[in-house]
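Read the figures in this text as sums done on the coordinates, not as results from a lab. Fair warning: this is a prediction, and the values are worked out from it, not measured in the lab. Cβ: placed from backbone, ideal geometry, glycine included. Neighbour counts: every protein chain shown.
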Amino acid sequence: MNILFILNGPTTNRGCEAILLSTADLLREIFPDAHFINSSTRDARVWSEPYLRNTEIRHRCNPEPLSLSGVVWQFNKRIRRRAHYFENFLPWADYVFSLGGDTYSLDYGTVGEYFRANERVLASGKKLVIWGASIGPFSADPETERYAAEHLKQVHLIVARERRTVDYLASIGVADNVVLMPDPAFSLTSEQVELPDEIERMLSGGAIGVNLSPLLARYRGGREGWLRDAADWITALIHATDRPILLIPHVFKAGNDDQEFLGDVLSRIAGSNERVALLQGRSMSSRQLKRVISRLACFVGARTHATIAAFSASVPTLSIGYSIKARGINEDFFGHDGWVVDHKNLDAPLFVSKIVKLLSEKDDITRKMRERNSVYKIYPEKARSILSV
């Protein structure tokens, strides 16, 4: 079984890494003799990190333009009409997995690129699986919605990660090739990591974990306004509780770097309060970050896969939603949307009150999350059966 992964983001986003690693883990369990090529976006980390540079996943990501591979790719684009680097590996593949997330949406303005990439796979006659995705809605753009309705019917299999996607696709006539399964990162295994003494003390003292994303600046009046709001939220939390507060980055991409943003937030907190610290997560894997998150008393996160790490570890979690995916995942996991707040409605008092409520109901929420996690995952036997369709 030869499986080609395409269209995933770089591993500087540990959510993209979590999808890649958990998917490979699952498929290896289903198909022990499986071979994988990861041909995602340009990603230098896959060569520099030992845990990614392994023999089980061969990384053939988009090359640097001036490298030898990049020059050959430009030749293939012009002479052989190969629009995407992953097309070099299509003849080898039995299945092509377009790895999940929310890229099939209008949120980032790139959905057309993903549809065009899919068309190249479909034209090759290979089986295309859209895996672990939130899709749509495209109702704000009727032309895109009409195209999507026809295009998505041609895909071999769509594995949607939340019910809202399934219902939306059904509403535009895409149903026969759609199945519902949790995001694959719910199954990501964690890994022990050595931490500084300060962080160990905070975790042992029942720390509150906070992940805030610079991405929200686009919705909250720019970076300066968002930095001011975020610092106000953390300051309010300091006054409302006596617990340590650990700022946890999950994306380390240039121009969209949680660690850089959270460091700036920390510098704006009056007196750099000793109960607040920033986890230096840039050298950590998605598995190691999940281990840290699993040790928190509660967690509040803007990055979807940071919250999924907390959900799957049964850590009481508040999601800061800036797209439909957060509400859909929360509804499927908790059975309600009480623990997700739209960023537009969030201010310091609401931020604090929600976290205080999480802590006051911690034992009951944790018990319910553990019950849910006993069944809320991708079962290998189900995945095997749907892939053989």
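Considering the options M284, G301, W226, tell which one lies farthest towards the positive end of the dipole of the chain, charges being +1 on Lys and Arg and -1 on Asp and Glu at the Cβ, about the Cα centre.
M284
Any idea what log10 I(q)/I(0) is at q = 0.17, 0.18, 0.19, 0.25 Å⁻¹ for region 265-338, Debye with uniform C-alpha scatterers and no solvent?
-0.73, -0.80, -0.87, -1.15
Can you tell me the order of 121-130, 106-115 when each peptide is scored by its average per-residue count of other Cβ atoms within 10 angstrom, highest first? Write out the running numbers ahead of the final one.
On the way: 121-130: 17.7, 106-115: 14.1.
The densest-packed peptide leads the list: 121-130, 106-115.
If you scale each eigenvalue of the Cα gyration tensor by 5 and take the root, what three semi-axes come out for the chain, rounded to whole angstrom and sorted largest first?
35, 23, 21
Helix-only estimate, please: 222 nm mean residue ellipticity of the chain, summing -39500 (n - 2.57) across DSSP H runs of length 4 or more and dividing by its residues, to the nearest 500.
Numbers: 15 runs with 167 residues, N = 389.
Result for the chain: -13000 deg cm²/dmol, rounded to the nearest 500.
At a temperature of 4 °C and a viscosity of 1.567 mPa s, determine how fast region 1-156 diffuses translationally according to Stokes-Einstein, using the Kirkwood radius over alpha-carbon pairs as Rh; express D in µm²/s, rounded to the nearest whole number.
Details: Rh = 16.3 Å.
Here the translational diffusion coefficient equals 80 µm²/s.
How large is the Kirkwood hydrodynamic radius of region 112-173, in angstrom, based on all distinct alpha carbon pairs?
Numbers: mean 1/r = 0.0833 Å⁻¹.
Result for region 112-173, one decimal place: 12.0 Å.
Apply the Karplus curve 6.51 cos²θ - 1.76 cosθ + 1.60, θ = phi - 60°, to the phi angles in region 136-142 and return the couplings in whole Hz, x for Gly and Pro.
Listing the rounded values in order: x, x, 10, 4, 6, 9, x Hz.
What lysines could a cross-link reach from K325, if we take a straight Cα to Cα line under 25 Å and drop same-chain neighbours fewer than 8 places away?
Excluding near neighbours in sequence, the set is K153, K253, K290, K344, K354, K357, K362, K368, K377, K382.
Computed from the mean reciprocal separation of all distinct C-alpha pairs, what Kirkwood hydrodynamic radius does region 343-389 have, in Å?
Answer for region 343-389: a Kirkwood hydrodynamic radius of 13.8 Å.
Hey, can you grab everything whose amide H is under 5 Å from the amide H of N38? Only 5+ residues off in sequence or another chain; H modelled, so Pro and N-termini drop out.
Under 5 Å from the amide H of N38 lie the amide H atoms of F5, R58, H59, R60, each far enough along the sequence or on another chain.
Find how many whole Å separate the alpha carbon centroid of region 147-171 from the alpha carbon centroid of region 21-61.
Centre-to-centre distance over Cα atoms comes out at 26 Å.
Tell me the net charge near E113. Cut-off is 12 Å between Cβ atoms, E113 excluded, with +1 for each Lys or Arg and -1 for each Asp or Glu.
Overall, the nearby charge balance is +1.
What ratio of Cα Rg to 2.2 N^0.38 Å holds for region 263-389? Can you show the working numbers first?
On the way: Rg = 16.5 Å, N = 127, 2.2 N^0.38 = 13.9 Å.
For region 263-389, the normalised Cα radius of gyration is 1.19.
Please turn the phi angles of region 110-125 into ³J(HN,Hα) values with the Karplus equation 6.51 cos²θ - 1.76 cosθ + 1.60 (θ = phi - 60°), one per residue in order, whole Hz, x for glycine and proline.
10, 4, x, 4, 5, 5, 5, 5, 4, 4, 5, 5, 4, 5, 7, x
Using only the Cα atoms of region 131-250, what are the Rg and Dmax in Å?
20.9, 56
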